[in-house]
1. Test of understanding: in a Gaussian network model of chain A with alpha carbons linked when under 10 Å, which of A:108, A:137, A:43 would top the mean-square fluctuation ranking?
2. What residue among B:141, B:175, B:93 has the largest mean-square fluctuation in a Gaussian network model of chain B, using Cα springs under 10 Å?
3. Quote the convex hull volume per residue of the stretch B:171-225, based on C-alpha atoms, as a whole number of Å³.
4. Name the shape class, rounded, prolate or oblate, that the alpha-carbon gyration tensor gives for the protein assembly as shown, where a ≥ b ≥ c are the square roots of its eigenvalues, rounded holds for a/c under 1.5, and otherwise prolate holds if a/b is larger than b/c and oblate otherwise.
5. So what's Rg/Rh here for the stretch B:1-56, counting alpha carbon atoms and using the Kirkwood radius for Rh?
6. I'd like the distance between the alpha-carbon centres of the stretch A:1-76 and the stretch A:165-240, rounded to an integer number of Å.
7. Starting from a label point 7 Å past Cα on the Cβ side, list the distances from residue A:221 to the same position in the other copies, nm, shortest first.
8. Say a label goes 7 Å from Cα toward Cβ at residue B:57 in every copy; what distances in nm does this one have to the rest, shortest first?
């Protein structure tokens, strides 16, 4: 990369987490089966994961729009869970079971390129999630998957949800960097478009199997600084 | 430690940083000499570090008392620096020099037991600084000293300064833990007394040379759950 490239000024990388770093769909399906199958329930586990994730944007929209005050994603996940239970004929689950089930999102597995990719990128950049997940959730995912974060940034320190501008600005401010020295890395063009509007650099990762085989964005639908097939490819393109 | 000990319930350790983990005095003296000696200045470098640190509590008190809105420690450090310059006959320093000098606090060295102690403690506990230092400052110290934090907590996520209760409560809430499952680790009894009042467990570390040989607290002056000579000793006592 030429030294006068805008990307050469980047000092910190911010990461979307669900989908970009984590295979949430297979992980939530597995965790739901682990929690519910021993109680005699037989579901379309992937369908259950999709339905739960389907409530994700509407749940956050209530916060973004100001209809409800900021609530951590753990709280929204629980509300969203209770909304979908009837659709799967799940009634009478104890609070212990619901609490355990809600922690499915703390037990996601990373895509295989993520742990080695972050280790490589950390040599050159400061690394932080800029996720809608709350801090406790991010900490559990990092411990489970050995993610070497420098800090946990994102919705909880901003008090709002992406793609609201304040979430990206809060991440930059926390590291004391102007937006143009920060790069948002995500598998979702909407996230990157919002970050770019705030002045951040952007990198797209093609997670083509996010919602099942061949369902994810194969390429960005908005202009980005870098597009990679996975984190190792992004590391190559950033000279890390 | 017996399984019914209150300390056996602890899942997260929060750390004071300046003094408890970092030898700020020798480090700031060294950084001041590095920045100013080439410009022809000859000072009592340790005295300069002490004077700068002497403005620390009064600077934060302006925020705690509500006289000024919350400002990051980097901002208070810069104000405090400008207050002490005349006492050392330092005039006409350029903004570049002042900015570099202010980063002395980002370039502190840890006491030698800290990196190996934290690696040991991380196997059993979630670890986070609960410091009055801001996030960018904590990130730089962690990268410099290889501190394996799970998250960066403390004043910036609370919007206030220790020993105000909200700083301890914000740290517990960020990890989704009740205070009694969290332990504050510090070399200063005032910090531990405040944490204990919020319901956290407490561990004291004797940093007897914090302000120069034999000047630090040799033992806590308040009741604590654990008192150790250094982080390895605390790890022993926590069974980590």
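1. So, out of A:108, A:137, A:43, the one fluctuating most is A:43.
2. B:93
3. Normalising the Cα hull of the stretch B:171-225 by residue number yields 70 Å³.
4. Taking the square roots of the gyration eigenvalues as a ≥ b ≥ c, the protein assembly as shown is oblate.
5. Here the Rg-to-Rh quotient is 1.35.
6. 16 Å
7. So the distances to the same position in the other copies read 6.4 nm.
8. Distances to the matching label points in the other copies: 5.4 nm.
Taken together, the values in this text are just the output of simple stated rules run on the coordinates, not laboratory data. Computed from a prediction, not measured in an experiment: that's the story for all the values here. With ideal geometry, Cβ positions are generated from the backbone for all residues, glycine too; neighbour counts draw on all protein chains shown.
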